[in-house]
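This report refers to the structure that appears directly beneath it.
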Amino acid sequence: MGPLIVNDIISPDTNLLMAFIIGIGFGWVLESSGFSSSKKLAGLFYGYDTVVLKVFFTAGLTAMIGLLFMSLFGWIDLDLVYINPTYLTSAVVGGLIMGLGFIMGGFCPGTSMCAAAIGKIDAMVFIGGLFLGVLIFTEGYPLIEKMYMANFKGYPRLSEVFNISDGLMALLFIVMALAAFWLAERFEKKTPAPEY
Amino acid sequence: MTKKDKSKKYINPYLGGVLLGLVLIAANFISGRGLGASGAVKSSVVTVVDAVAPSHVESSDFYSSYKETHPTPMKSWLVFEVLGMIVGGFISGTIAGRLKLKVEHNPRITSRRRLLFALGGGILFGLGSQIGRGCTSGSALSGMAIFSVGGIVTMMAIFATAFAFARLFRKNWV
């Protein structure tokens, strides 16, 4: 049955409409979880507010488990779902640059859209920065092309790398996430949030 | 007291996580893909550059091959999704009474300093998201849900770097 677009159950235009509706859900959840505030987002890195970790990992686990069960029931063919390619060098380099941008700017691209939508001027400036950063990439592409394409490993999934079943992989993620939630709750209680 | 009341209006983070997970499942089930954000910025940048300097786009390998694979960059899944995000964030903020034009910043720093760092952070995040083939949404979150090695590596690099540099920017936040 799923994915609906790949199996021609919906048209490409309907798919774009669904993208808009999915986006509304995405933005709604982010904003109502507090992701429209850079103070809350940056809190993870100082331990005074760990909402990012809790929402992020709960969402990842929910989707992971949900998709595995849906595939088990034959509702979705996971072989037809887009898997991000793995270019090891650029995955690390990009992540390093994004991490620095995160702690400096207090937003990531998605959260900045939500924050700008409720009037945060810092988020609007961050989005201006995003445009400049992307422009630096598109203009400077010839200079970094070699690094960008280096160490291509195909489309591996972590369960295949460890040679274990998807279910066991998901279980390991659940255990790690529970440990992370426990630690996060402890740190948060001990660390007072700044008053502003 | 007013501060406490304000934070009460946010939903429980674990509930928020489950709801976000359901949105991500919907994206995979309906559209066969994960969520994203930075890709929409890329579509917009290519569109603007194409409008301002069409000859430059013609002569650049990068732009011309992007245009070949994306003949109508603004009619893309991520552009529509991000437009939805802005609407969804606006609705949620309106209901909760959080609509306000302001620069949110620690009183220990000036709003000018906050904005400068927001700009710098945005530039880095924009560049990094292109190098990493996706940001926190498209690469880290969506990648993790389907066990993508590249997505998980990027996710670890993002969070580890932010933690590693936290001390350096402490004054801005705490």
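Of note:
- For A:Ile76, the residues whose amide H sits under 5 Å from its own are A:Gly2, A:Ser71, ignoring neighbours fewer than 5 places away on the same chain, with H placed 1.01 Å from N.
- Separation between Cα centres of region B:107-130 and region A:37-96, rounded to whole Å: 24
- Here B:Arg98 sits with roughly 30 square angstrom of accessible surface, probe radius 1.4 Å.
- Cα-based shape type of chain B, given that a ≥ b ≥ c are square roots of the gyration tensor eigenvalues and the cut on a/c is 1.5: prolate
- Charge sum, other residues only, whose C-beta stays under 15 Å from B:Val48's C-beta, Lys/Arg counted +1 and Asp/Glu -1: 0
- A compact globular protein would have a Cα radius of gyration near 2.2 N^0.38 Å; the ratio found for the protein assembly as shown is 0.94.
- Under the Karplus curve 6.51 cos²θ - 1.76 cosθ + 1.60, θ = phi - 60°, whole-Hz ³J(HN,Hα) for region A:95-111, x wherever Gly or Pro sits: x, 4, 5, 5, x, 5, x, 5, 6, 6, x, x, 9, 10, x, x, 5
- Candidate aspartates and glutamates - alpha carbon under 14 Å from B:Lys102, same-chain residues fewer than 8 apart omitted: A:Asp122
- Set of aspartates and glutamates with alpha-carbon distance to A:Lys54 below 19 Å, sequence-local pairs under 8 removed: A:Glu31, A:Glu185, A:Glu188
- Most mobile of B:Leu101, B:Leu119, B:Leu20 in a GNM of chain B (Cα contacts under 10 Å): B:Leu101
- Over the Cα atoms of region B:103-174, the radius of gyration divided by the Kirkwood radius equals 1.06; this is the Rg/Rh ratio.
- Per-residue mean of foreign Cβ neighbours for A:147-158 is 3 (Cβ atoms of other chains, 10 Å radius).
- Ranking by accessible area, most exposed first, for A:Ile127, A:Ile136, B:Ile95 with a 1.4 Å probe: B:Ile95, A:Ile136, A:Ile127
- Expressed in Å, the radius of gyration and Dmax of the Cα atoms of chain A are 19.3, 53.
- Candidate cross-link partners of A:Lys189 among the aspartates and glutamates, defined by an alpha-carbon separation under 15 Å and a same-chain spacing of 8 or more, comprise A:Asp49.
- Take the convex hull of the alpha carbons in region A:69-135; its mean projected area over all directions comes to 7.1 nm².
- Stokes-Einstein D in µm²/s, Kirkwood radius over Cα pairs - region A:1-115 at 25 °C with 0.890 mPa s viscosity: 148
- Positive-end residue of B:Tyr10, B:Ser43, B:Leu22, charge dipole of region B:1-101 with Cβ unit charges: B:Tyr10
- Nonlocal amide H pairs with B:Val103, under 5 Å, H built at 1.01 Å: A:Ile121
- With 23 Å as the limit, the listed pairs B:Lys75/B:Lys100; A:Lys39/B:Lys171; A:Lys120/B:Lys171; A:Lys40/B:Lys75 have B:Lys75/B:Lys100; A:Lys40/B:Lys75 beyond it between alpha carbons.
- Each Lys and Arg contributes +1 and each Asp and Glu -1, all at the Cβ; summed about the Cα centre of chain A, the dipole is approximately 600 debye.
- Approximate spin-label separation A:Leu143-B:Leu22, in nm, with each point projected 7 Å along Cα-to-Cβ: 4.7
The values are calculated or read from the model by the stated rules, or taken from the named source; none is laboratory data. Everything numeric in this text was worked out from a predicted model, so none of it was measured. Neighbour counts run over all protein chains shown; Cβ positions are idealised from the backbone, glycine included. For the accessible areas, the whole protein counts, side chains as well, though only heavy atoms, and no ligand, DNA or RNA atoms are used. Shrake-Rupley method; radii C 1.70, N 1.55, O 1.52, S 1.80 Å.
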